[in-house]
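A.B. asks: Here it is, the structure, as structure tokens.
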Amino acid sequence: MPERRARLGARVQKLRIDNGLSQKDMARLCGFPAHQTVSMIEKGLRELKASELQSVAAALHRDVDSLLSDEPEETPLQPILWRSPTARRAHVRSRQHQMEALFLRKLVDYARVEKLCGLEPSQWLDEFGWDWRNPNTTQVTQLARAVAGALELGARPAFTLARLLEETFLIKIWYEDIGSIGRAACTRGPSGYGMLINSMEAPWRRNYNVARELFHLIAWPEGAPPEITLPQIEGLANTFASSLLLPHSEFDRLLARRKAGSRLTFEDLFQLARDFGVSAEAVLWRLEELKRLKLGEVEKLLRDSHLRAIDRHTVGGSWLRAPRLPERFVRLCFFASRRGGLRRNALPTLLDCGPDDVRGGFLSYGFDDAEEYGTPVGGG
């Protein structure tokens, strides 16, 4: 028993550090009265009750079986690229580390469930063949057209982009309250492609961030020559996202309809943004790319206090919130468990719920395990 406690304690300590948690953080997440409790567990000096074991596993984003396993812990080694990273202060860096650990753990879980459903991580985005030797606006817009054609996005791409990326390219899009540590992030590696999108932003801003992160996944900056700066890369991402989400002919048609007289007003700008399901920023970058705005005007407008105030006021309590869990992930968990490949006791950790809430969690996404899904279709 002491040896078993020591092994578990060492594992808890490693996972806690990997997740960027202090002992105080861990105690708070588990409901322990003080960080000394965590210290005793890690030293193998304290036995864990069954309920405490569940709390520790949940805090470390594991299920109980993996926590108790003697198998070496799988460590996802994938670089994460943050958009607008702000991790300068120690507490922000710690929060970013925690979010990265959570995100990578979710991607490993997602990839495992995909595999149980017969799906392997995709590398299809590499087929678009981005070349960093001479990046320019023309190359970016051609890439956007190629992606739009491959996905058959139509005239209003923002309303279907995320779903098609998930289903066609098997990109794992995860939504979390990122807070101040960055606006979005992406990764590619053994667990496939992944995006981390801020769940607290309005849907049109999430749409724009998904398109920007798609550019980074295709044109992974690791291959960029040193003379290309981060602002240049972000500028290319802006051009790609705006070109992808605002198709030229349809954008021109609605632009002509919206313009009151010869000048575009703030009202026209926000109406256009909502028509296409994108942010006002996306429309501004598209106008610059189409030479409807002078070079440098976008940065000036984005700093305009009046424009920012209108943008804030358009974010009301009625706009659609991001899902707590991706619908596709929940669906794959459901059918993997129905087929017997995913054990029932792994579902609470995967679905971030208690053991008694699994069925309710599935029902909230429209999946009922009391239904018979194996009924043959047709009479043949």
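The values are calculated or read from the model by the stated rules, or taken from the named source; none is laboratory data. All of these numbers come straight from a predicted model, not from anything done at the bench. Neighbour counts are summed over all protein chains in view; Cβ atoms, including those assigned to glycine, are modelled from backbone coordinates with ideal geometry.
A.B. asks: Got a number for residues in region 1-38 being over 18 Å from residue 70 (Cβ atoms), more than 33 Å from the chain's Cα centre (by Cα) and part of a helix (DSSP H, G or I)?
C.D. replies: 2
A.B. asks: Would you pick out the residues in region 226-250 that are over 21 Å from residue 165 (Cβ atoms) and of a type in the set (A, V, I, L, M, F, W, C)?
C.D. replies: 228, 230
A.B. asks: Here's something else I'd like to know. Among the numbered criteria (1) among the charged types (D, E, K, R); (2) assigned by TED's automatic domain parsing to the domain that holds residue 284; (3) in a helix (DSSP H, G or I), which one does residue 115 miss?
C.D. replies: It fails just one condition, (2).
A.B. asks: Another question, if that's okay. Go through 163, 133 for me and flag whichever is at pLDDT 90 or above and either among the charged types (D, E, K, R) or not assigned by TED's automatic domain parsing to the domain that holds residue 226 (or both).
C.D. replies: 163
A.B. asks: Any residue in region 271-282 that's charged (D, E, K, R): show its pairings with residues that are outside any helix (DSSP H, G or I) and at pLDDT below 90 at Cβ separation under 9 Å, as long as the two are six or more apart or on different chains.
C.D. replies: If the second residue must be outside any helix (DSSP H, G or I) and at pLDDT below 90, the pairs left are 274/314.
A.B. asks: I'd like the full set of residues that are outside any loop (DSSP other than H, G, I, E, B) and either modelled with pLDDT of 70 or more or within 30 Å of residue 355 (Cβ to Cβ) (or both), limited to region 57-92.
C.D. replies: Result: 57, 58, 59, 64, 65, 66, 67, 68, 80, 81, 82, 83.
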